[in-house]
Amino acid sequence: MAVTYVSIALLYERSETDEMGIKLTAEKLGLDLAFIPFRKIGFCIANQAFSAKSKGNDFTKIIEDSVVVLNRAQSKNRRLQAGYLLEVLGKKTVNSSSIEFICYSKLRTLLNLWKADLPIPKTVFIPCDAKDTLKNGKLFSNEKDIADLFQQMLFLEDGIVIKPDSATHGKGMLLSNNREELIAHIQKTAPSIINPVGIVAQEFIDKWFFDLRIIVYKEKGKPPVCHPTALARGGLNDFRTNTYLGNAVFAAKLPSNIIDLSIKSGETLAKGEQAWVFALDAMIKINKNKIIDEKQLKIEFNKAQTAFSPIKKIKSEKYKKDFSSWNNKLEESFSTYKLSKSYQKVKKIIDDTIEKNKTKIIFHEANSCPEFWEYTRLITGINVAIPLIKGACSLL
Ligand SMILES: Nc1ncnc2c1ncn2[C@@H]1O[C@H](COP(=O)(O)OP(=O)(O)OP(=O)(O)O)[C@@H](O)[C@H]1O
Ligand SMILES: [Mg+2]
């Protein structure tokens, strides 16, 4: 008979494919999850009393009965708030709010990796805005000073990437190839709710045409694990290769030194927490050490991209009402893609390139609430819902 844990809750903002996937996976594992639709609920604290209610439902008991909460609020700010709130109520969270606090900011993530001697891109953080308003109401421009600092501290004239300290999906990231561009790019930056403090500048890493997303996780009482296959995200049109921009994905075999460094990165960022899951974003500094020329790569890559396009179409259709049949369709399209010659050719280029350059790995970001249901799961073979749920169970 299936074991039932009603003591694990899934907190979410909108139920999207990942949340549907966690639900489906929990059902398959015989677990009964409770659900907390964070954005719809008011949380009331009064003397010695707590209640949580949406307009139609009372969630107080669900929250009281939950021992562990999977925190899947999408926005970083809301996730941080949800995690902290639940922890004060005595709940355990995956990931914890201290992990969320680190991953919220690229600077905080990189600081921790740097302190543990892990390889990161050379990075400059400036907590100053491009435009300041003086006390007398006048607008003051800092772009040139900021550009000076970036160039002097990175020892670079060109090849400078600027990014918001906190952002996702490659938004607000710009690559400058000369000083004029750098100043123009700094001018475009402004503090926002998503990125309240500062921008970072980094040396441009010549990663050729792909970067890596590596899954590391830990259950309480067990050693940390790095999934040996990473998600390589590839594209030729933009220096940003993340999937949000429509880039194609490939499975990449990780050499043991990268697996070891990834585990160390996870442990470093987890700061002693007992159960956690990260998707680490990493690049390999390939520079001129390419195994085929650009022209040949372009031919092979374009063929793979054509084979990838049916997947993008199904992904964009989303599931209407029937998640299960949409999911089957998606899985079939991935099988066809992965069996195609063009996919396998590019995958081999990636695998051979990684093996040849395996000592040049650089970690640039850690995602504490990664998307996984479509690409990571179907390309790399790990369903991240499993370490999430098992991590939660291990804390019960
Ligand atoms: N220093 C760099 N040099 C070269 N390319 C970079 C650098 N930093 C980031 N990139 C590229 O830009 C992409 C997005 O970068 P990053 O992961 O930092 O941003 P993000 O907004 O957090 O994206 P996501 O939410 O998709 O992870 C990376 O996938 C990588 O291809
Ligand atoms: Mg990233």
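Here, each number is a calculation from the coordinates, and none is a lab measurement. Given the structure is predicted, the values throughout are model-derived calculations rather than measurements. Counting neighbours? That spans all protein chains shown, and the Cβs are built from the backbone with ideal geometry, glycine included.
A few remarks follow.
- Trypsin sites (Lys or Arg not before Pro) lying in DSSP loop within segment 1-71, provided at most 13 other Cβ fall within 10 Å: Arg14, Lys55
- Using bins of 10 Å that start at zero, the share of Cα-Cα pairs per bin across segment 206-383 amounts to 10, 37, 34, 17, 2, 0, in whole %.
- Cα pair distances of segment 254-296 binned at 5 Å [whole percent]: 5, 16, 21, 17, 13, 10, 8, 6, 3, 1
- Relative contact order (percent, whole number), segment 122-203, Cα cutoff 8 Å, 6+ residue spacing: 42 percent
- Farthest toward the positive end of the dipole of segment 206-383, out of Ser309, Ile354, Asn367, is the Cα of Ser309, where the dipole comes from beta carbon charges about the Cα centre.
- Count Lys and Arg as plus one, Asp and Glu as minus one, and take only other residues whose Cβ is under 14 Å from that of Ile311; the net charge is then +4.
- The Kirkwood hydrodynamic radius of the chain, based on inverse pair distances between different Cα atoms, is 22.5 Å.
- Segment 9-71: translational diffusion in µm²/s, Stokes-Einstein, Kirkwood Rh over Cα pairs, 4 °C, 1.567 mPa s: 103 µm²/s
- Cβ crowding within 10 Å ranks Met20, Met283, Met153 as Met153, Met20, Met283, fewest other Cβ atoms first.
- Gain in span if fully extended, Ser75 to Leu89, counting 0.36 nm per residue against the direct Cα distance: 2.9 nm
- Remark: segment 194-305 projects, on average over all directions, an area of 9.0 nm² (convex hull of Cα atoms).
- Note on Thr359 and Ser340: the model spin-label points, each 7 Å out from Cα along the C-beta direction, lie 3.7 nm apart.
- Selection among Gly381, Leu175, Leu134 by position relative to the dipole of the chain gives Gly381 as farthest towards the positive end (Cβ unit charges, Cα centre).
- Which of Thr133, Thr93, Thr376 has the fewest Cβ neighbours within 10 Å, and the rest in rising order: Thr133, Thr376, Thr93
- Theoretical gain in end-to-end length, Ile45 to Ile193 [0.36 nm per residue, Cα-Cα removed]: 50.7 nm
- Taken about its Cα centre, the chain carries a charge dipole of roughly 620 debye when the Cβ of each Lys and Arg holds +1 and the Cβ of each Asp and Glu holds -1.
- The fewest-to-most ranking of Cys226, Cys128 by surrounding Cβ atoms within 10 Å reads Cys128, Cys226.
- Computed log10 I(q)/I(0) for segment 110-227 at 0.10 Å⁻¹: -0.39, from the Debye equation with unit scatterers placed on every C-alpha and solvent omitted.
- Percentage, to the nearest whole number, of Cα pairs in segment 58-98 over 13 Å apart: 46 percent
- Segment 245-337: trypsin sites (Lys or Arg not before Pro) in DSSP loop, at most 14 other beta carbons within 10 Å: Lys271, Lys288, Lys318, Lys320, Lys321
- Links that overshoot a 20 Å alpha carbon limit, given the list Lys61/Lys321; Lys106/Lys218; Lys92/Lys264; Lys91/Lys390; Lys207/Lys298: Lys61/Lys321; Lys106/Lys218; Lys92/Lys264
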